[in-house]
């Protein structure tokens, strides 16, 4: 026989599962979300496999730009029959044994291969930045919303400072001061990316913690953690063994029993709050954060590559989408494909994740959900 | 709380924000260990060590950081924000900012007009034709807008409307700068279009408008997506409310229901977003200004960051923070008049 609480728990998960299936059904109805998910999945798989498909050593430049090594800035061929796009009058034409679908960059490297090598770099950074920023922001927002009072006010004032800037401006200042390397760039973007999550989560928690189920949980003494009860019992047993002391000289030891029980009580209370918070409130209010994180994924990729484009790249030959575009910056008119294709890849990646995030928002928003 | 009490409270909080901003930026620009040496923008390669030390002493960079900050705050309260480095001809930082700010204002106004003019109809169409073809199309436009790398889009516009139109012999748009005829009219407002109009120089004005089209569109395309999505969401919400059903059941035409009844309430969130966008644009769209070589504050701030010019960075970030905070406050005040349910 299952206990009542266990039954309730399976019931709860059943409901969650049914809800999840309904969400999937709603998502499937939207062709754009479907297309976005497939694109996102494609890029995830591609970024996992990229280093196996393309030899990463190809990214190491063999000569100086426009001089040695390969065929710098050659127009692309699409098929052997003709040129894919007529890029312009003074664009050099490559007539050699090699075949570049998207042309070459300034180091004479095949642009298509470089883009494939660049995708995992951008994806990895975007995932790390979004994860850390959203988790940090969510935790702070939860704290602010649940604790209220001075803590809330203090956290809000700090986020206010960050909200006074467009993310890019502050990220740029941070990046300029931290120096040029990928970890510092990540840090710079994380530092400007967490505040929206604080506001989002705080609002969620504020509305959620007033709901009657939270009141009920508190009234029921929701799961006064069993471990604490056990520890308290253990201590009580120990102290009971020295009960004879009660009348004796070592009577003062009983103060410790009270102190320990008091501390444990406080800890248990904290445990109860944390449990209500993480097990119930957070689980019920996490959806907007998920949506926001999905939508931010694209934004993070764009910001990261924008910083790279502006010249915070640790090395000019690093295959990264913004860096490739930056390579094409001084050659927009004589080698436009560098700019065109690296930017287009970025756009498609960001669009894929934005389509998914936008669909999720529609489906998970209780006001719009039917 | 009365409205004016609320405003006063917000203004007091604003001082905290500005103080915090200046503290953080000051530390980053002057004291951060891995940052650029604050004296770097004021020196050149042929200076001797003694000369560099002298420059450092003149600008007070040899003092401890808290003393520098104290002096900076004291001077800033008097309106003296220090001088910029050689890259901006060692002019006063505040002058450099103020002389390029009108260009940014012109660009932002144009961009925000385009954003609103395209974004709001897009959102409304999207909501009315929910989950049908027009909705999907407008969703794709909106999402493409905010998935687009801004520098890339700027270059694509330049490539097509300047370079290829030039090659093909079509009438092409200028690719960079704010005006091709600098010095032809006296500076009054600093905004080329207005100056041209004041001087009665139509050619100058048209030239300035031609320079404005590409950067303004580039900015608008990126921000209109957000606006369209917000308008759609709030419109969908409003359309489900009882008073809309009532209006329909009265036998009102759908057009009247949407434009007279639904739109008024649905556009309230759009006001916030537009206000904030405008504030952010006034802070200078760094990348777009950089790509189009627009002589506004965004491009200058980018140069300043690369030069490590702490004085200009401080002026710029403080001005930006001030604009954003005031815009937020203005939006909140406008809200009260738009939505009588809101009380502070």
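Among the candidates A:187, A:156, single out the residue that is under 24 Å from residue B:26 (Cβ atoms), more than 10 Å from chain B (Cβ to nearest Cβ) and surrounded by fewer than 20 Cβ atoms within 10 Å (Cβ to Cβ).
On inspection, the qualifying residue turns out to be A:187.
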#### Entry: Residue, surrounded by the fewest Cβ atoms within 10 Å (Cβ to Cβ), within the range A:47-63, restricted to residues that are under 27 Å from the mean Cα position of the chain (by Cα) and free of Cβ contacts under 8 Å to residues at least 60 places away in the same chain
A:52
### Message
Among (1) over 16 Å from residue B:128 (Cβ atoms); (2) in contact (Cβ under 8 Å) with a residue 24 or more places away in the chain; (3) away from every other protein chain (no Cβ under 14 Å); (4) surrounded by 20 or more Cβ atoms within 10 Å (Cβ to Cβ), there is one condition residue B:158 misses while meeting the rest; what is its number?
### Response
(3)
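Give the range B:38-55 a look and list any residue that's in a helix (DSSP H, G or I), free of Cβ contacts under 8 Å to residues at least 60 places away in the same chain and out of contact with any strand residue (DSSP E or B) (no Cβ under 9 Å at 6 or more places or on another chain), or say none. Write out each step before concluding.
Quick first cut of the range B:38-55, residues in a helix (DSSP H, G or I) only: B:40-42, B:49-55.
Next cut, free of Cβ contacts under 8 Å to residues at least 60 places away in the same chain only: B:42, B:49-55.
The answer is B:49, B:50, B:51, B:52, B:53, B:54, B:55.
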### Query
Out of the range A:144-153, which residues are farther than 22 Å from residue B:328 by Cβ and either within 9 Å of another protein chain (Cβ to nearest Cβ) or assigned to a helix (DSSP H, G or I) (or both)?
A:146, A:147, A:149, A:150, A:151
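Only one residue in A:342, A:326, A:315 is crowded, with 17+ Cβ neighbours inside 10 Å and either in a loop (DSSP other than H, G, I, E, B) or free of Cβ contacts under 8 Å to residues at least 60 places away in the same chain (or both). Which one? Please lay out each step first, then the result.
Details: A:342 fails: either in a loop (DSSP other than H, G, I, E, B) or free of Cβ contacts under 8 Å to residues at least 60 places away in the same chain (or both); A:315 fails: crowded, with 17+ Cβ neighbours inside 10 Å.
None of the other options fit; the residue is A:326.
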### Query
Counting only residues that are buried (at least 16 other Cβ atoms within 10 Å of the Cβ) and outside any loop (DSSP other than H, G, I, E, B), which one in the range B:56-71 is farthest from the other protein chains (Cβ to nearest Cβ)?
B:56
## Note on the structure
Residue pairs within 6 Å by beta carbon, gap of at least six or interchain, first lying in the range B:19-33 and assigned by TED's automatic domain parsing to the domain that holds residue B:61, second part of a loop (DSSP other than H, G, I, E, B), listed first then second, are B:21/A:164; B:30/B:38
### Summary
Taking the range B:139-152 and keeping only residues that are more than 8 Å from every other protein chain (Cβ to nearest Cβ) and surrounded by fewer than 24 Cβ atoms within 10 Å (Cβ to Cβ), one is left with B:141
### Query
Picking from B:103, B:27, which residue would you name as being buried (at least 20 other Cβ atoms within 10 Å of the Cβ) and within 30 Å of residue B:285 (Cα to Cα)?
B:103
### Query
Among the residues of the range B:72-82, is any assigned to a helix (DSSP H, G or I), at pLDDT below 90 and in contact with a strand residue (DSSP E or B) (Cβ under 9 Å, 6 or more places away or on another chain)?
no
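For the range A:164-178, enumerate the residues that are modelled with pLDDT under 80 and either assigned to a helix (DSSP H, G or I) or more than 7 Å from chain B (Cβ to nearest Cβ) (or both). So that I can check it myself, show each step before the final result.
Here is the first cut: in the range A:164-178, the ones modelled with pLDDT under 80 are A:164-167.
The one that is modelled with pLDDT under 80 and either assigned to a helix (DSSP H, G or I) or more than 7 Å from chain B (Cβ to nearest Cβ) (or both): A:167.
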### Task
Just one of (1) under 26 Å from residue B:292 (Cα atoms); (2) within 11 Å of another protein chain (Cβ to nearest Cβ); (3) in a helix (DSSP H, G or I) trips up residue A:352, so point out which.
(1)
#### Entry: Spans of helices (runs of 4 or more DSSP H) in the range B:276-344 with at least 3 residues facing chain A (nearest Cβ under 10 Å) and surrounded by fewer than 24 Cβ atoms within 10 Å (Cβ to Cβ)
B:297-307, B:310-338
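The values are calculated or read from the model by the stated rules, or taken from the named source; none is laboratory data. As the structure is a prediction and not an experimental result, all values here were calculated from the model. Virtual Cβ from ideal backbone geometry, glycine too; neighbours counted across all protein chains shown.
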